[in-house]
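The structure appears below as structure tokens.
We did not get these values from a lab; they are worked out from the coordinates using the rules stated. Please read all numbers here as calculations on a predicted model, not as lab measurements. Don't worry about glycine lacking a Cβ; one is built from the backbone with ideal geometry, like all the others, and counts go over all protein chains shown.
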Amino acid sequence: MSTFLKKRLLLPLLLVGITLGALVGGCGKEEQIKVSDTRFSMDTFVKIDAYSDKPGEARLAVDDAMQTFQKIAAATDRYSDGGPGSLYEANLKAASAPVQVAPQLASLLGYLQQKPDQQLDISIAPVVDLWQLARRQTALPSQTKMDEALRHVGREKYSFDPASKTLRYSDPATRLDLGAVAKGYAVDAAAATLKKHSAVTCALVNAGGNIKAVGNKPGNMPWRVAVQHPRDPEAFLGTVMLTDGQAAATSGDYQRYYEVDGIRYHHLLDAQTGQPSRLHQSITVIAESALDADYYSTLFFLLPTPGINAHLANNASLNVVVVENDGSIFISEGLSKTWQPAKGV
């Protein structure tokens with residue numbers, strides 16, 4: 001997701017953290033010790049809880065995973081110079097000549113190249129910039145300026161060559177924004193780093209609600225993760241289960257937004273219209289990777305429910321919790337036996 005509008009994510013994040021603390025026990029033997037670290041990256045708090053009977057080694061593993069996360073943050077941040085091969089450099093130079101991108105960025109662009117969905121378009125940066133300016137003025141973009149920004153958006157405006165790992169823009173005003181997927185990719189990479197350290201028995205990586213399980217709880221039991229209520233920052237809708245390697249991510253209209261004349265304008269923008277999507281209150285996706293969960297939670301927020309169901313029919317590894325605009329909740333069939341609604345929901 002893009003991160004340009006008013007931050008309203010702190011309370012939901014705290015709720016998720018508190019809920020995890022209440023619902024998640026240690027892994028393996030009783031002498032397992034939890035090692036935790038929280039840092040700020042990608043405009044959110046990144047928290048890793050790792051369990052080990054060797055806490056000293058586990059702390060080194062967690063630090064290693066945090067550094068992995070930060071390397072991806074630097075490579076994919078369009079606002080700060082992440083060095084040679086970063087998205088920042090590509091946005092400055094790729095209209096003049098092909099730019100060879102960093103391995104992390106190349107991997108992410110390769111993933112996106114395989115996705116045909118038109119609603120989620122990473123060339124949406126000019127529209128995001130327009131909304132940033134409007135927010136600072138507590139106003140709305142004019143249609144004239146929106147039409148101009150949309151002229152520079154579209155998959156035909158850029159090309160990525162996976163063989164040479166080069167990125168090229170055909171429009172000098174085109175810019176890419178990877179906010180919809182970079183966090184999930186970084187969570188997967190941090191989790192992979194943790195798995196390389198034998199001292200870590202199991203762990204949870206949580207980057208602003210993008211959560212991935214490393215290993216299972218004792219007795220091969222799944223982890224329980226709370227899903228934020230989109231209209232009550234101090235409540236949750238229910239809990240979902242994650243097993244080893246599974247991930248969850250939520251996109252919602254309550255996370256980053258501002259209001260004009262009592263109307264909420266949030267950060268989840270349809271690349272075809274340039275406007276915030278009004279189809280749902282929130283979408284939570286459970287997937288086999290944090291990258292998939294991040295990508296599809298954003299995409300599904302931009303699709304009507306029949307479009308979501310079409311994707312689910314073609315991908316058995318995806319499950320969703322959809323909160324519609326009227327507050328009704330749709331749970332995909334794969335979650336029907338494990339979803340536990342909160343009291344009163």
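Close amide H partners of GLN119, meaning residues 5 or more places away or on another chain with modelled amide H under 5 Å apart, do not exist here. Quick one: net charge around ASN315, please, counting Lys, Arg +1 and Asp, Glu -1 for every other residue with C-beta under 14 Å from its C-beta. Charge balance near ASN315 sits at -3. Taking amide H positions as modeled 1.01 Å from N, with prolines and chain starts lacking one, the residues under 5 Å from SER86 and 5 or more places away or on another chain are ALA102. All other residues whose Cβ lies under 11 angstrom from that of ALA149 are scored, Lys and Arg at +1 and Asp and Glu at -1, for a net of 0. Mean separation of Cα pairs under 8 Å and 6 or more residues apart, divided by the residue count, gives the stretch 21-160 a relative contact order of 13 percent.
Stretched out straight at 0.36 nm per residue, the stretch from ASN325 to SER96 would grow longer than its current Cα-Cα span by 78.0 nm. Which one of SER297, SER282, SER107 has the biggest mean-square fluctuation once the chain is modelled by GNM with Cα springs under 10 Å? Result: SER107 has the largest fluctuation of those listed. Here the calculated FRET efficiency for GLN113 and ASP53, from their Cβ-Cβ distance with R0 = 45 Å, stands at 0.55, rounded to the nearest 0.05. Scanning the chain for GluC sites (Glu not before Pro) that sit in a DSSP loop and have at most 11 other Cβ atoms within 10 Å, the longest stretch containing none of them is 32-233.
Measuring against 22 Å, Cα to Cα, the residue pairs LYS47/LYS183; LYS71/LYS212; LYS34/LYS71; LYS34/LYS343; LYS115/LYS145 contain LYS34/LYS71; LYS34/LYS343; LYS115/LYS145 as the ones spanning a longer distance. Across all directions, the average projected area of the convex hull around the alpha carbons of the chain is 17.3 nm².
For GLN246, nonlocal amide neighbours, meaning residues 5 or more places apart or on other chains whose placed amide H falls under 5 Å from its own, are ALA213. Backbone N atoms of the stretch 230-262 closer than 13 Å to the 7 Å Cα→Cβ label point of THR138 belong to residues 258-262.
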